[in-house]
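One structure is given below, encoded as structure tokens.
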Amino acid sequence: MDLRATAYEGEVLNVIQQEHASGDRMIFITLTRFRGKPTKENIAQSQKLLDQLVKEGGKILGLWWTLGRYDSVLITEIPDEKAAMKALLRWDDMLSTETLVAVTREEALKLLE
């Protein structure tokens with residue numbers, strides 16, 4: 001196990017938990033795959049869509065390009081599922097996506113009570 005990776009993952013989780021402390025918005029983790037080779041035009045269009053998501057009340061908690069099965073991971077905080085779906089459907093021509101709804105560990109533990 002790479003301890004640097006574990007420490008980094010812990011930092012990411014801490015940021016997400018701190019950002020989501022209010023609990024009134026939802027966290028979405030979106031795994032993406034490019035539908036074709038990424039181009040400068042696609043990247044510019046993608047940035048416009050990210051900006052639009054923010055204008056509509058969403059917050060970008062993290063965006064990483066990755067190696068492996070998925071090409072990127074996007075973590076967002078969005079008011080609800082409908083707003084998330086509206087935002088993510090805009091990328092349909094460029095990306096295939098798989099989106100997970102996430103709750104903090106503390107929130108999940110409360111559900112067990």
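FYI, it's all coordinate maths here, none of it is from the lab. The shown structure was predicted, so the numbers you read here are calculated from the model rather than taken from an experiment. Counting neighbours? That spans all protein chains shown, and the Cβs are built from the backbone with ideal geometry, glycine included.
I want to confirm something. Restricting to region 24-76 and keeping residues that are in a strand (DSSP E or B) and more than 12 Å from the chain's Cα centre (by Cα), which single residue is surrounded by the most Cβ atoms within 10 Å (Cβ to Cβ)? Break it down stepwise before answering.
Start the filter on region 24-76 by keeping residues that are in a strand (DSSP E or B), which leaves 26-34, 59-65, 72-76.
Still in the running and more than 12 Å from the chain's Cα centre (by Cα): 33-34.
Numbers: Arg33: 12, Phe34: 15.
Per the criteria, the residue is Phe34.
With the checklist (1) without any contact (Cβ under 8 Å) to a residue 12 or more places away in the chain; (2) in contact with a strand residue (DSSP E or B) (Cβ under 7 Å, 6 or more places away or on another chain) in hand, flag the one item Lys55 doesn't pass.
(2)
Can you pull out every residue in region 77-88 that is surrounded by 17 or more Cβ atoms within 10 Å (Cβ to Cβ) and assigned to a helix (DSSP H, G or I)? Before you say what the answer is, go through the steps one by one.
Filtering region 77-88 down to residues surrounded by 17 or more Cβ atoms within 10 Å (Cβ to Cβ) leaves 77-78, 83-84, 87-88.
Passing the criteria: Ala83, Ala84, Ala87, Leu88.
For region 89-113, enumerate the residues that are among the small types (Gly, Ala, Ser), in a strand (DSSP E or B) and farther than 16 Å from Ile43 by Cα.
Our first condition is that a residue be among the small types (Gly, Ala, Ser); within region 89-113, this holds for 96, 102, 108.
Going one step further and asking which of them are in a strand (DSSP E or B), we end up with 96, 102.
Matches in region 89-113: Ala102 only.
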